[in-house]
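Encoded as structure tokens, the structure appears first; notes follow it.
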Amino acid sequence: MDMATLIREQARLIVLKALSEEVGESLNSDILVEHLRAFAIRKDRAWLHDELRWLADHGAVRLLEAGSVLVAILTEKGQRHLDREIVIEGVKRPSRPVS
């Protein structure tokens, strides 16, 4: 697997985790860009928008347009991936919870 694919799969997981940590399970793309930077994934908003659309196409998030940003909302399918109940191919698998 090439590095670009690894980064995309990791970024998609980081996005889902960030959404799940919010009370409303939603964040806008500007905030998500900052979440990715914390994990040394330095990509612009246009790149993130492509990844958010990919996640939406695979049912992991819903998207709302708000001016020039996208608001991502975690779906049940996205949460099920985080809970390791299902696998969304193209999104890194979350680690098993530590007991």
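Since every read-out is calculated from the coordinates, none of them should be taken as a lab result. Values in this document were obtained by computation on a predicted structure and should not be read as measured data. All Cβ positions, even for glycine, are placed from backbone atoms using ideal geometry, and neighbour counts span all protein chains on display.
See the values below:
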{"item": "Rel. contact order, % - alpha carbon contacts under 8 angstrom, at least six apart, the chain", "result": "30"}
{"item": "Hydrodynamic radius by Kirkwood, which averages 1/r over all alpha carbon pairs of the chain, in angstrom", "result": "13.4"}
{"item": "Dipole magnitude of the chain about its Cα centre (Cβ charges: Lys, Arg +1; Asp, Glu -1), debye to nearest 20", "result": "280"}
{"item": "Mean Cβ neighbour count within 10 Å, used as a protection proxy, ranking 58-67, 10-19 highest first", "result": "10-19, 58-67"}
